[in-house]
Amino acid sequence: MRVPLVDLAAQGAEIADEVLPRLRDALERGAFIGGPAVAGFEEEYAEYAGVRHCVGVGNGTDALELALRATGVGPGDEVILPANTFIATAEAVSRAGATPVPVDVDPDHLLIDPRAVAAAVTDRTAAIVPVHLFGQTAPVAELLPVAGTAGAVLIEDAAQSQGASRAGRRAGTWGVASGTSFYPGKNLGAAGDAGAVLTDDPEVAGRVRVIADHGSPRKYVHEVVGLNSRLDAVQAIVLSAKLRRLEEWNDRRRAAADRYDELLAHVEGVRTPRRHPDNTDVWHLYVVQVEDRDRVLAELVEQGIGAGVHYPTPVHLTPAYAHLGHAVGSFPVAEAAAARILSLPLHPHITAEQQERVVTELARVTSRP
Ligand SMILES: *Cc1c(COP(=O)(O)O)cnc(C)c1O
């Protein structure tokens, strides 16, 4: 029995009957970029996410760049972000012309540490970008006063947190704006690349639309050097259908996470993910920690278990960001975690039998000297 990390075909099968007629209709009408399907999804997602404005864009990396640029972040500015995140968080900052400033994370949840953020603030700090990694909402309530004191905006990376909340308030609604990704493997995934900027501020939303459309508020009027980053109708049709199932799919992810917790409770040498009492998590990834991770990963993969590592190299140790001047030892918590973390297969369609197989193999592989 193979156990894949994600199962996008199962999601596709659930929505096929619903989306195929709408896709045929889009083909027949030739409506591909923008149009009613895109506007409809933007409205649905804004309502679901708990914000006034959702602007659909080309992908999550663009969404973060656009959110930063639309809130005035640019050249000469510093942007604080966690050292352990997907590289896109830092890329978005660089693309906006600003300088990423990585900081360490808390050892329990591996989320950005507010004390490390406060210590990294300078008079050039223009934004703080917490990442709601693995579907767990970062400590936003603690970060808001830090941002306030620094005179910085809070821009959330909500790529892995669709449907998550903290203290009853959705991830992605705490800051001035947030960026999310609808990459196919995310909790809400498109049939290709897609993303969105979320904000309550109509001016920020308007600026995102202008920058994302060649800096153009009206046809052939170009106010700033923008980019081309649009959500298309095919993605919007798929996203609308999946959005209707997102709550149920997130419930199933939570049930699967509970089952792993139970099954792993008595497996020695495997640290299960900590949960924050204020959080309702959506388990984009279920990340355990083990010794000798690379060997454990290799042996699991050999047995047909689709485990993975998110992410093997903290931002500051990637060649791309060597120019920031950090070295091994700069952010010890993120670095130690990177050597131990292991993502187990978890998705809405995983079965109890598949999870039992994963745990049996993991227990066997980790108990071996
Ligand atoms: C996926 C992801 C992104 C980027 O999204 P893309 O749509 O792939 O550009 C940014 N940040 C995090 C944390 C992600 O997981």
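The values are calculated or read from the model by the stated rules, or taken from the named source; none is laboratory data. Every value quoted in this text rests on a predicted model; they were computed, and no experiment measured them. With ideal geometry, Cβ positions are generated from the backbone for all residues, glycine too; neighbour counts draw on all protein chains shown.
Among the residues of segment 146-156, are any farther than 20 Å from ASP200 by Cβ, in contact (Cβ under 8 Å) with a residue 12 or more places away in the chain and within 19 Å of the chain's Cα centre (by Cα)?
Among the residues of segment 146-156, not one is farther than 20 Å from ASP200 by Cβ, in contact (Cβ under 8 Å) with a residue 12 or more places away in the chain and within 19 Å of the chain's Cα centre (by Cα), which makes the answer no.
Give me the pairs: first residue in segment 175-191 and more than 14 Å from VAL57 (Cβ to Cβ), second residue part of a loop (DSSP other than H, G, I, E, B) and within 8 Å of the ligand (Cβ to nearest atom), beta-carbon distance under 6 Å, and six or more apart or on different chains, which are they?
ASN187/HIS284; LEU188/PHE182; GLY189/PHE182
Quick check: is even one residue across segment 319-332 under 19 Å from GLU268 (Cα atoms) and in contact with a strand residue (DSSP E or B) (Cβ under 7 Å, 6 or more places away or on another chain)? Before the answer, list the steps.
Residues of segment 319-332 that are under 19 Å from GLU268 (Cα atoms), as a first pass: none.
No, that holds for no residue.
What pairs can you find where one residue is in segment 43-65 and modelled with pLDDT of 95 or more, the other is more than 15 Å from the ligand (Cβ to nearest atom) and of a type in the set (Lys, Arg), and their Cβ atoms are less than 7 Å apart, with a gap of 6+ or different chains?
Close Cβ pairs satisfying both conditions: ALA46/ARG52; ALA49/ARG170; GLY50/ARG170; VAL55/ARG209.
What is the residue count in segment 50-72 for residues that are away from the ligand (no atom under 16 Å from the Cβ), under 23 Å from GLU91 (Cβ atoms) and surrounded by 15 or more Cβ atoms within 10 Å (Cβ to Cβ)?
Looking only at that region, the number is 2.
If I go through segment 177-216 residue by residue, how many of them are of a type in the set (Val, Ile, Thr) and over 17 Å from the mean Cα position of the chain (by Cα)?
The initial filter retains those residues of segment 177-216 that are of a type in the set (Val, Ile, Thr), namely 180, 197, 199, 204, 208, 210-211.
Narrowing further to those that are over 17 Å from the mean Cα position of the chain (by Cα): 204, 208, 210-211.
The number of residues fulfilling the criteria is 4.
Looking at VAL93, VAL79 in this structure, which one is assigned to a helix (DSSP H, G or I), within 18 Å of the chain's Cα centre (by Cα), more than 19 Å from LEU285 (Cβ to Cβ) and away from the ligand (no atom under 11 Å from the Cβ)? Give the steps one after another, and end with the answer.
Working: VAL79 fails: assigned to a helix (DSSP H, G or I).
When all the criteria are applied, what remains is VAL93.
Condition test on PRO312, is it under 28 Å from ASP104 (Cβ atoms), not small (Gly, Ala, Ser) and not in a strand (DSSP E or B)?
So PRO312 passes the test.
Could you tell me whether ARG253 is buried (at least 16 other Cβ atoms within 10 Å of the Cβ) and either assigned by TED's automatic domain parsing to the domain that holds LEU344 or out of contact with any helix residue (DSSP H, G or I) (no Cβ under 9 Å at 6 or more places or on another chain) (or both)?
The answer is yes for ARG253.
Would you call VAL238 in a strand (DSSP E or B) and within 16 Å of the ligand (Cβ to nearest atom)?
Details: in a strand (DSSP E or B): no; within 16 Å of the ligand (Cβ to nearest atom): yes.
Against the criterion (in a strand (DSSP E or B) and within 16 Å of the ligand (Cβ to nearest atom)), VAL238 does not qualify.
Could you go through segment 209-228 and let me know if any residue there is closer than 23 Å to ILE128 by Cβ and touching a Gly at 6+ places or on another chain (Cβ under 6 Å).
yes
Quick check on GLN160: is it in a loop (DSSP other than H, G, I, E, B), buried (at least 21 other Cβ atoms within 10 Å of the Cβ), within 16 Å of the ligand (Cβ to nearest atom) and not small (Gly, Ala, Ser)?
Answer is yes for this residue.
Mind checking which residues of segment 280-298 are surrounded by 17 or more Cβ atoms within 10 Å (Cβ to Cβ) and outside any strand (DSSP E or B)?
Initially, segment 280-298 is screened for residues surrounded by 17 or more Cβ atoms within 10 Å (Cβ to Cβ), giving 280-290, 293, 296-297.
If the condition is that a residue be surrounded by 17 or more Cβ atoms within 10 Å (Cβ to Cβ) and outside any strand (DSSP E or B), then ASP281, VAL282, TRP283, HIS284, LEU285, VAL290, ARG293, VAL296, LEU297 are the ones that fit.
Taking into account only those residues within segment 299-325 that are without any contact (Cβ under 8 Å) to a residue 24 or more places away in the chain and either surrounded by 15 or more Cβ atoms within 10 Å (Cβ to Cβ) or among the small types (Gly, Ala, Ser) (or both), which is farthest from PRO4 (Cα to Cα)?
Per the stated criteria, the residue is GLY325.
So, of the residues in segment 173-197 that are away from the ligand (no atom under 12 Å from the Cβ) and within 22 Å of PRO277 (Cα to Cα), which turns out to be surrounded by the most Cβ atoms within 10 Å (Cβ to Cβ)?
Checked segment 173-197; the qualifying residue surrounded by the most Cβ atoms within 10 Å (Cβ to Cβ) is GLY175.
Taking segment 299-309 as the search range and keeping residues that are assigned to a loop (DSSP other than H, G, I, E, B) and either of a type in the set (Ser, Thr, Tyr) or more than 16 Å from the ligand (Cβ to nearest atom) (or both), which one is nearest to ALA158 (Cα to Cα)?
Filtering first and then ranking leaves ALA307.
Restricting to segment 113-144, what's the tally of residues that are assigned to a helix (DSSP H, G or I), of a type in the set (A, V, I, L, M) and surrounded by 22 or more Cβ atoms within 10 Å (Cβ to Cβ)?
Total satisfying the criteria: 4.
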